[in-house]
Amino acid sequence: MTTERVPDPWQDYRKRRRWARLAFLLVPCALSAGTLWSTTVTALLVVISGAACISAVRFVESWQCPRCGRAFFRRGRTHNSFAKRCMHCALPKWTHPDSMPNAADAPLPNRASWV
């Protein structure tokens, strides 16, 4: 008897979050480079690391919910990087989409509970 392993739907989110943390670690490295190199090089490194941070946040926030397939952390023009539930279907973070009943018909919780 073989048991098939169900892929973890949150694995991609974990990978994106790790890349974002790495991007945020670049900022102190770029700032400390000012003691080694000229201010022009340091300024360039700070701008590049800042752009990497902005891109990393956008990369994490564009992750799609495993249940509804829409952006987990965004809804229209609003976004919440610390949301504990999907902004569309209210799937709790780290929950397997098959373990919860379909909440598509249920009303969305108020915005305070997404935090």
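General remarks:
- Amide hydrogen neighbours beyond the local backbone of Arg70, cut-off 5 Å, H modeled: Cys65
- Scalar couplings 3J(HN,Hα) for the stretch 27-32, obtained by applying the Karplus form with A = 6.51, B = -1.76, C = 1.60 to θ = phi - 60°, are 4, x, 5, 5, 5, 6 Hz; x denotes Gly and Pro.
All of the numbers you see were taken from the coordinates with simple rules; none came from a lab. Here the structure is a predicted model, which is why all the values come from computation and not from measurement.
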